[in-house]
């Protein structure tokens, strides 16, 4: 499946606060990033960050080297327009994470909320993990949030793969140490609930 047209249409027909995964502030993500204790000079990448407000709060927290990667140009445009001049230093990257060639050993923190669970094909997951291994520095931090075992089995009209912290960690393998994990009940703009798990790993 070519995912780009699907996500481009989503953001061409809906505002960012009209999608189920919208958060006014990505508190759980911010807490895990703060737990890494990386300095403001660290290099962070938000995979699938698109229109998310995480980048706003990272800038406010003093991070100077932020990359936001998303498959949808429209999603990135929402964030760029929202931030205005505050987003001038952000590296905005329109790309499919299963196909992109990222610089090697470039990032101290890799963050992904709600991308990995859309990778229903094993080959796509393997390519994603290879990209993480190449792009994250040795000793770097990997934070990934997916739907939990009791979360939705579909989202935005697409099937997903649900994970426990243990099953998500096993996808990544022995080069990744599971440091911490948590559950989150996300309240959607429509008044429903989605169960998420967060995994924080160190990459070796």
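Readers should treat all values here as calculations from the given coordinates under stated rules, not as data from a laboratory. In this text the structure is predicted, and so the values were computed from the model without any measurement. With ideal geometry, Cβ positions are generated from the backbone for all residues, glycine too; neighbour counts draw on all protein chains shown.
Things to note:
- Contact order for region 123-165, expressed relative to its length and based on alpha carbon pairs under 8 Å spaced 6+ residues apart, stands at 28 percent.
- Straightening the chain between residue 99 and residue 15 buys 27.6 nm, computed as 0.36 nm per residue apart minus the Cα-Cα spacing.
- Rh (Kirkwood; distinct C-alpha pairs) - region 1-122, Å: 14.8
- Sites residue 85 and residue 126, calculated FRET efficiency, Cβ-Cβ separation with R0 41 Å, nearest 0.05: 0.55
- The eigenvalues of the Cα gyration tensor, multiplied by 5 and square-rooted, give region 84-137 an equivalent ellipsoid with semi-axes of 22, 14, 10 Å from largest to smallest.
- Beta bridges per DSSP, both residues in the chain: antiparallel share near 50 percent.
- Where a label projected 7 Å from the Cα of residue 159 along Cα→Cβ would reach, residues of region 115-140 with amide N under 15 Å: 117-125
- Radius of gyration (Cα atoms) of region 74-115, expressed as a multiple of 2.2 N^0.38 Å: 1.33.
- Along its three principal directions, the equivalent ellipsoid of region 27-80 from the Cα gyration tensor extends over semi-axes of 20, 11, 10 Å, largest first.
- Using a Gaussian network model of the chain in which every pair of alpha carbons under 10 angstrom is joined by a spring, one finds that among 167, 20, 29 the greatest mean-square fluctuation is at 167.
- Kirkwood analysis of the chain, using all unique Cα-Cα pairs, places the hydrodynamic radius at 16.9 Å.
- Förster radius 22 Å - calculated FRET efficiency between residue 193 and residue 166, Cβ distance, rounded to 0.05: 0.45
- For the chain, calculated [θ]222 nm from helices alone, where every DSSP H run of n ≥ 4 adds -39500 (n - 2.57): -9000 deg cm²/dmol
- √(5λ) per eigenvalue of the Cα gyration tensor, region 117-204, largest first, Å: 24, 15, 10
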